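A short worksheet on the structure shown next.
What follows draws every value from the coordinates through simple rules; no lab data is involved. What you see is a predicted model, and the numbers here were worked out from it, not measured in a lab. Heads up, the Cβs are rebuilt from the backbone with ideal geometry, glycines too, and the neighbour counts pull from every protein chain shown.
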Amino acid sequence: MNYTKYSIGSSSLQLSIILFCTAIGLLLSPAYGFSEDSVRVKTYLQPVLLTSAGQAADVMILRGLALRAGLDIKYRPNATADSLNDVKAVILVAGGSSKGLGAAKIDVKDEESRIKKLVKAAEKAKLPVLVFHIGGEARRGALSDPFNKLAADAGELIIVIKGGDDDGMFKKIAAERKAAYRSVDKQIALVDVLKEIFPKAEAKP
């Protein structure tokens, strides 16, 4: 009789473990927006300087997602070293756009120079630089990749939308620099990611 009871208890325990592991697997699955690369990352302080690395419209999309997450954002599409006053972190949204560069009335070299100077100033001020590449495959290629690499080489955290790193470029740079790397399936999933890495943010209705 005692052996029977033990067997039942053991089966119940095994079932509980299986159900628990299944639940964890679901939470980490692509269906919930996170990939196998999802890891708990360092958290950061606010306010946050948000700027573009390449003048793509993606920076405006991330601005909207950040506001939805409740972040205290200082949006400066053409941020310089002078834009670092009173911020605790910098977000670079990587991806080039000829239309965006034209609208800003700057060329590729000017934009690259601006980013390099901004990154150098952030390093001097000991401000963390976080890199988001959210445009997918459309923000890869001859125009975008110099900006993507420039930003990724500066980031201590690199977050990409699937489709934008199918060749593993961002992941490789992160590994070489020992930077945190994370990928998500959809842009909307970034709201929860932003809440996680900026935990004091309160979601707006």
- What does the highest-first list of 101-112, 134-145 look like by mean Cβ count within 10 Å? 134-145, 101-112
- Task: Would you mind getting the Kirkwood hydrodynamic radius of segment 116-200 from its Cα pairs, rounded to one decimal in Å?
- Result: 13.3 Å
- Item | Shape call, segment 50-140: gyration tensor on alpha carbons, a/c limit 1.5 | oblate
- Could you tell me which of the pairs Lys99/Lys126; Lys42/Lys105; Lys74/Lys126; Lys99/Lys200; Lys42/Lys171; Lys42/Lys120 are separated by over 27 angstrom between their Cα atoms in the structure shown? Lys99/Lys126; Lys42/Lys105; Lys99/Lys200
- Note on the structure: Between the residues Ala151, Val87, Ile173, the Cα farthest towards the positive end of the dipole of segment 72-182, that dipole coming from +1 and -1 charges on the beta-carbon of Lys, Arg, Asp and Glu, is from Val87
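If you place +1 on the Cβ of every Lys and Arg, -1 on the Cβ of every Asp and Glu, and leave all else neutral, what size is the dipole of segment 47-107 about its Cα centre, to the nearest 20 Debye?
Values: 7 positive and 5 negative charges, 30 e Å.
It works out to roughly 140 debye.
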- Query: If we count other beta carbons within 10 Å of each Cβ, what is the order of Thr51, Thr43, fewest first?
  - Reply: Thr43, Thr51
- Query: Tell me, Lys88, Lys74, Lys124 in order of fewest to most beta-carbon neighbours within 10 Å?
  - Reply: Lys124, Lys88, Lys74
- Alpha-carbon centroid distance for the pair segment 131-163 / segment 95-128, whole angstrom: 13 Å
